[in-house]
Amino acid sequence: MAKNFSTREENYSQWYNDIVKHAELAENSAVRGSMVIKPYGYAIWENMQKVLDQMFKDTGHENAYFPLFIPKSFFSKEADHVEGFAKECAVVTHYRLRNGEDGIEVDPDAKLDEELIVRPTSETIIWDTYRKWVQSYRDLPILVNQWANVVRWEMRTRLFLRTAEFLWQEGHTAHATEKEAVAEAKQMLEVYADFAEQWMAVPVLKGTKSPNERFAGALDTYCIEAMMQDGKALQAGTSHFLGQNFAKAFDVKYLSKENKQEFVWATSWGVSTRLIGALIMAHSDDKGLVLPPKLAPIQVVIVPIYRKTEQLDEISEKVQGIIKALRAKGISVKFDSRDTHKPGFKFAEYEYKGVPVRLGIGPRDLENGTVEVARRDTLTKEVMDMEGIEDKIEALLAEIQENLFTKAAAFREDNSRKVDTWDEFLVEIEKGGFLYAHWDGSPETEQKIKDLTKATIRAIPLGEEVEEGKCIYTGNPSTKRVVFARSY
RNA sequence: CGGGGUAUAGCGUAGUCCGGUUAGCGCGCCUGCUUUGGGAGCAGGAGGUCGGGUGUUCGAAUCACCCUACCCCGACCA
């Protein structure tokens, strides 16, 4: 057991907090509910950004930037949207301070004519802009993404999972037809699912949201849901088909080939720094963070073991070849030659920071031409020949990536089950995990189930076969199982 | 925003109920020597407006009131 670490068994949320703290991912700031993302944590986000940004560009999107501030009046234009976000908006009312009797104070003479909302999401400002961009069918589609920070004044916050301010990307697209917009929303869901599974090594369930869980202003919300190690669901990404709601609210019309005025069809989609929370809770163990090699800021760390400085010099020289060979393969390597810490300390440190592979090189290895290779996911060690080590490391990183996904998938499998009666549901929901059950499709039933069990419909799975059944709660007829779980 | 809890050195804490020496300990930090294949040992040393404010008292980390932050549980949400 590492120092000052809680175990998942003892206290799951404390374990999560300990990992965030010890791995130096983030910490609480002086501002309530807002976190400082530390360099190591931010490096993970940068890796995520790099990959996602390329995926967006490969699917034809461009980046742009829209204002942080949104005029209050914009929000009231789409009824569902304003209702969904009104309760958690930060509002800018003044633009100047002055020196008062008790120090600095807001200058009452500097009141804004129209108050500004700090964006909780950017649909309104973007659709107000798109009106000017769209005249003809020739201007469509518009495929834009922005990387930004947003603010949602949350009551209860948790590092990465829910903070008042967070970083994300939001894609906003405009299309000539409904079909095209729906296809876009589905396409981006696939992009997110690929990213989660191929890069984060987190298996996700693809589905749509029930009306209760749908994005404010959307006709349909597609989602990917991941299962955390405590059996709770985490929404990892959403993609919305917005219909013509925003086009109508902001009067965005185009002239069709048939010379008719038509409203534009819209989508929006986003993932946030919450993904880092998902990463932590999907793979980490009681010794600390475990990172998938494809997103780890440091993929391989080399720890020298020596007594005299001459030995360190010798090791340093020997190691240069390995570093070069690994970097040539695009593998990120850190050689930790700090003389201020002992090897054992370093071993523990890189363990709780989740570095996938650690190489130990000491006098014994110099003599034998070997290197000790330790993998983070299984905590196993093996002595290998130094010759051609880069190929073995490359294969090992791929194997670790694969193993993390396989383990997470097996966990999800073990914690997913079909439930057919209400009594059974009440028992099973306490055990956590995903429950596949019939639902009569009514929001009232879902709400009732939520009130009674704290479980919500996480997703109506895509491509699930039609199956006759009875609603778990009301007994009304149903044709499809949906996924219930408690969630973050 | 409701209910409960916590706040003492960078971190973790004792002391608080029952007010009274110089606020104690562990980790970490600094210096030196010995060490270095899983969180080193010994010796010496630095570091505190006891979360903030107001009050009670001869005297407050300790009692009262107010404020702030954080944690847990609810409601709300990516």
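The values are calculated or read from the model by the stated rules, or taken from the named source; none is laboratory data. The shown structure was predicted, so the numbers you read here are calculated from the model rather than taken from an experiment. Positions of Cβ are backbone-derived with ideal geometry, glycine not excepted, and every protein chain shown enters the neighbour counts.
Quick rundown of the values:
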{"quantity": "Tally of residues being assigned to a loop (DSSP other than H, G, I, E, B), of a type in the set (Gly, Ala, Ser) and away from RNA strand B (no atom under 16 Å from the Cβ) across the range A:63-91", "calculated": "2"}
{"quantity": "Residue check, residue A:255 modelled with pLDDT of 95 or more and more than 30 Å from residue A:293 (Cβ to Cβ)", "calculated": "yes"}
{"quantity": "Residue within the range A:394-401 that is farther than 30 Å from residue A:371 by Cβ and among the hydrophobic types (A, V, I, L, M, F, W, C) present", "calculated": "no"}
{"quantity": "Any pair with Cβ under 8 angstrom, 6 or more apart, that starts in the range A:294-314 at a residue that is over 17 Å from residue A:23 (Cβ atoms) and among the hydrophobic types (A, V, I, L, M, F, W, C) and ends at one that is within 11 Å of RNA strand B (Cβ to nearest atom) and part of a helix (DSSP H, G or I)", "calculated": "A:303/A:343; A:303/A:346; A:303/A:347; A:303/A:350; A:305/A:315; A:305/A:343; A:305/A:363"}
{"quantity": "Spans of strands (runs of 3 or more DSSP E) in the range A:402-488 with at least 1 residues free of Cβ contacts under 8 Å to residues at least 40 places away in the same chain", "calculated": "A:416-418"}
{"quantity": "Criterion violated by residue A:36 - all others in (1) in a strand (DSSP E or B); (2) in contact with a helix residue (DSSP H, G or I) (Cβ under 9 Å, 6 or more places away or on another chain); (3) under 30 Å from residue A:345 (Cβ atoms) satisfied", "calculated": "(2)"}
{"quantity": "From A:441, A:433, residue being surrounded by 20 or more Cβ atoms within 10 Å (Cβ to Cβ) and modelled with pLDDT under 95", "calculated": "A:433"}
{"quantity": "Residue among A:242, A:275, A:255 that is touching a strand residue (DSSP E or B) at 6+ places or on another chain (Cβ under 8 Å), surrounded by 24 or more Cβ atoms within 10 Å (Cβ to Cβ), more than 18 Å from residue A:26 (Cβ to Cβ) and in contact (Cβ under 8 Å) with a residue 24 or more places away in the chain", "calculated": "A:242"}
{"quantity": "Residue in the range A:401-413 that is farther than 30 Å from residue A:430 by Cβ, crowded, with 21+ Cβ neighbours inside 10 Å, away from RNA strand B (no atom under 16 Å from the Cβ) and of a type outside the set (Gly, Ala, Ser) present", "calculated": "yes"}
{"quantity": "Checking residue A:147 against (1) in the same structural domain as residue A:238 (by TED's automatic domain parsing); (2) surrounded by 13 or more Cβ atoms within 10 Å (Cβ to Cβ); (3) assigned to a loop (DSSP other than H, G, I, E, B), the condition it does not meet", "calculated": "(3)"}
